[in-house]
Amino acid sequence: MKRNKNIIKALLATGCSVFLLSCEDFLDKQPEVNPVPDNYFTEASHLQAYVDGKYDILPSHGDHASDGRTGGWDYGLFADDNHTDNQASREAHNRYLTSLWQVSQSGGDWSFRDIMAMNLFFENVLPKHEAGAISGSQEYIRHYIGEAYFLRAYEYFKRYRKFGDFPIITQSLPDDQEILTEYSKRYPRNEVARFILSDLDLAIEYMSGVTLGTTRISVETATLLKSRVALYEGTWLKYFKGTPFVPQGEGWPGKTKSYNADYTYPTGSIDNEINYFLDITMEASKEIADKYINQLTGNTQTIQQSTSDAVNPFMDMFSDTDMSGYPEVLLWRQYGKGYVTHGVVYNAQRSNSGVGVTQGLVDAFLMTDGLPIYASDKYQGNDIIPVDEESFQFKNRIDRDSRLSLFLKEPGQKNMLFEDASRGGAVPVEPIPDLASSTGYFTGYTLRKGNSYYQEQTNNGDSFTGCVVFRAAEALLNYMEASYERKGQIDNNAATYWIALRNRAGVDPDYNRTINATDMEKEKEGDWGAYSAGQLIDPVLYNIRRERRCELMAEGLRYMDLCRWRAMDQMMNQRYDIRGFKAWNSGLVENGYYNFSYGTSRANMSDPSFGDHLYVYKKLTSDAAYNGYTWHMAHYLDPIALNELMYTSPDGDLDNSVIYQNPYWPNVASASAER
């Protein structure tokens, strides 16, 4: 058995052998090799070993470090919250700049490696399972098959978010140009979403017989992902309706190809299709929300600052080494000391690896009385009050939603409580932000979400706390949004879920009080989610989005949400400056804590004429985003590398390829978006 496991692992390490990449990317074009031997996939343990090897499809499980030890959990908890209105880092992202995101000749994420790997699994396993030729627990066998369907669905979800319309391939393919070209045809994006949902339905069906613990994919995980996928497509279709980004929208490039020219929606219209996906979202998310609403992790709303203080389970949920005791956590990745580790705690002890929270995110959190900051008598402003030589008080943390007061670090607070002399990476007390360091406090704000108080976790790259991958709170948020988008009102279920989240956060549960006090003209200043398609949304929907922003802060869903809401159009006409903490007229300079310089080649602060806050990309005129972030419609989807089009063209003419380029991206190498 050990020999068989090693062979299967070797297949995985080489891209499953039969799907090795040649120098071309054409459907991850593969040379012909011998098929998988008949004696593989004949035991339950073989299936498990294969599926285990593909868990790196999940962003939490990918391995990106050069030393091979550190997993894919980056600070913030996943990198997709960076480069949004929530978080910023030293280098502005090309997607918000003019001419710097360009069409490439080769490369990119138009990849089928993992899709083909899962297809290989199904081609070999399903016939053997049907014939009863796989030994071991039948419940476990079915569970591993279900996990494989989930992983293929997740991989497709990753690709479809980047490209929209995408080929649907459910089998391995021979190295035949004509066949590969035929299978390169792009299906309309809603059909891809339907395919993902069908894979998740199969995952749920196969996994329904057994639960293997929350470090493994489960029925609940698949159901939650189902609600996420359906919400993504339903809201995308709604906000991009009539544009080239949806099937049969004006200028949709799919219409230029005969195989899509006469496409009609399965439900008869785009409006029916929107409702179809929103209905699925509501059904799937309600199943999880109802099951877990009374099992949400408790929140004491206090920060543990001594070994004798009571722990706060809500904070520990993001930093425990064993997350199996938190029912809300539906899937988590387990790390092991000296085996597989990460650097999250090391960075949480410091500057979040140079990634800073924006003032816009800080301002989004409500006061405890349920009012926005501009409408509450409790709000004390963004001033920073020196307490002594080593600590400040951030006045904007006072009487705020506990998700801000707990996770936004303040100088003078303790980062580490349980000492371990053998470990040297701790920063026991949160320091005054070092704005000058190349990896320092880029916005002046940092998060403690994911920090551990145990010094044994603090060495660089040697943290072994767990990683939350899916948690049930998302289901409550998915239902709230989908039900309002579908019905135009807060139904009883949504109200129950919303109140539960606000109660846990320590915010007045009367969401109508918040809605009635919301001024969209003020909210738009720090929240891109105040917009869809360049227009301000209504206060009810906005506050649903606000709740999502605050609850899921730094959990890797923000950019995904902004795209499906079409929330960047307004930046095509009005540039946006990312702001950090209040620097000028805040007590920092006046009390001698900083010697800010500006207007020089060595500036460490933005000019006070811009405003009291740190404008993070306006320190130097040479900063690529000195004039602010902008946006191009094309940037909602990735461009497809030109080699992909060339390989699938009968005559080498890119315009004759069966693959069509995404909207507003030209078929010219190194060219930027046309709009």
note = Of the residues in region 343-398, those that are within 17 Å of residue 551 (Cα to Cα) and not polar (S, T, N, Q) number 13
Residues located in region 454-507, provided they are over 22 Å from the mean Cα position of the chain (by Cα), over 25 Å from residue 529 (Cα atoms) and crowded, with 24+ Cβ neighbours inside 10 Å = 457, 458
ask   = Somewhere in region 296-316, is a residue closer than 23 Å to residue 457 by Cα, under 22 Å from the mean Cα position of the chain (by Cα), outside any strand (DSSP E or B) and among the aliphatic types (A, V, I, L, M)?
value = yes
request  = From (1) modelled with pLDDT of 95 or more; (2) surrounded by fewer than 23 Cβ atoms within 10 Å (Cβ to Cβ), pick out the condition that doesn't hold for residue 381.
outcome  = (1)
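Yes/no per residue for (1) in contact with a strand residue (DSSP E or B) (Cβ under 8 Å, 6 or more places away or on another chain); (2) more than 16 Å from residue 189 (Cβ to Cβ); (3) open to solvent by 40 Å² or more (accessible area, probe 1.4 Å); (4) among the polar types (S, T, N, Q):
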| site | (1), (2), (3), (4) |
| --- | --- |
| 228 | no, no, no, no |
| 255 | no, no, yes, no |
| 264 | no, no, yes, yes |
| 275 | no, yes, yes, yes |
| 282 | no, yes, no, no |
| 290 | no, yes, yes, no |
| 293 | no, yes, no, no |
| 301 | no, yes, yes, yes |
| 307 | yes, yes, yes, yes |
query = Out of (1) without any contact (Cβ under 8 Å) to a residue 60 or more places away in the chain; (2) of a type outside the set (Phe, Trp, Tyr); (3) under 22 Å from residue 485 (Cβ atoms), what's the single condition that is false for residue 574?
reply = (3)
query = in contact with a Pro (Cβ under 9 Å, 6 or more places away or on another chain), at negative phi and of a type in the set (Asp, Glu) - does that describe any residue in region 386-394?
reply = yes
Residue among 251, 209 that is in a loop (DSSP other than H, G, I, E, B), open to solvent by 30 Å² or more (accessible area, probe 1.4 Å) and at pLDDT 95 or above = 251
message = If a residue must be open to solvent by less than 60 Å² (accessible area, probe 1.4 Å) and of a type in the set (Asp, Glu), how many such residues does region 570-607 contain?
response = 2
message = For residue 180, only one of the following conditions fails: (1) at pLDDT 95 or above; (2) open to solvent by less than 30 Å² (accessible area, probe 1.4 Å); (3) within 24 Å of residue 646 (Cα to Cα). What is its number?
response = (1)
inquiry  = One residue is enough: does region 407-424 have a residue meeting the conditions open to solvent by 10 Å² or more (accessible area, probe 1.4 Å), under 23 Å from residue 85 (Cα atoms) and either part of a strand (DSSP E or B) or not polar (S, T, N, Q) (or both)?
reply    = yes
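The values are calculated or read from the model by the stated rules, or taken from the named source; none is laboratory data. Remember, it's a predicted structure, so these values are computed and weren't measured experimentally. Please note: Cβ atoms are built from the backbone with ideal geometry, for glycine as well, and neighbour counts cover all protein chains shown. Ligands, DNA and RNA are stripped out before the accessible areas are found, and what is left, the full protein with its side chains, is counted by its heavy atoms. Shrake-Rupley method; radii C 1.70, N 1.55, O 1.52, S 1.80 Å.
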